[in-house]
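K.L.:
One structure, as structure tokens, below. Some questions next.
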Amino acid sequence: MLWTKGRCLIVVVVFWALWIILGIILANTWNMKWYAGALWGFFLGPFGLGIMYLMYYSSQKSNLVRCPKCQEPVQKGAVICPHCRSDLSPSGPSDVIGAQ
């Protein structure tokens, strides 16, 4: 028989280990603690990694503001919009005649 109890157990353990390793890699990529990724991968597998992504995405979204000219999201504190190249500095563009 191709799939015995022993082989099925090995496959489950290998996939479980892969979720843990992937969780550690993603946690390091997303500036989280490595053991948090290992625990999410260990306990919830792909669902845990999806939850990690949602946590990362929501934390990144809070660092974004909209450009007043093109309404595209840009990082807080950006001086120039990467989409429309408009000036985002707090003082705005210089209106002084002869200013360079």
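Read-outs: derived from the displayed coordinates by stated rules, not from any lab. It should be emphasised that the depicted structure is a prediction, and the values quoted were computed from it without experimental measurement. Glycine also receives a Cβ, built like all others from the backbone with ideal geometry; neighbour counts cover every protein chain displayed.
K.L.:
Between beta-carbons, use under 15 Å as the cut-off and find the net charge around Arg85, counting Lys and Arg +1, Asp and Glu -1.
P.N.:
Details: positive: Lys69; negative: Glu72, Asp87.
It works out to a net charge of -1.
K.L.:
How would you order 43-56, 19-32 from highest to lowest mean count of nearby Cβ atoms within 10 Å?
P.N.:
Values: 43-56: 14.7, 19-32: 16.9.
Order by mean packing, descending: 19-32, 43-56.
K.L.:
When ranked by the protection proxy of mean other Cβ atoms within 10 Å per residue, highest first, what sequence do the peptides 65-78, 5-18 form? Could you put the intermediate results ahead of the total?
P.N.:
Working: 65-78: 12.6, 5-18: 10.5.
Highest-to-lowest ranking by the protection proxy: 65-78, 5-18.
K.L.:
Taking 0.36 nm per residue of sequence separation and subtracting the Cα-Cα distance, how much length would be gained by fully extending the chain between Leu64 and Ile25, in nm to one decimal? Write out the running numbers ahead of the final one.
P.N.:
Working: separation 39, 0.36 × 39 = 14.04 nm, distance 2.49 nm.
Residue separation times 0.36 nm, minus the Cα-Cα distance, leaves 11.6 nm.
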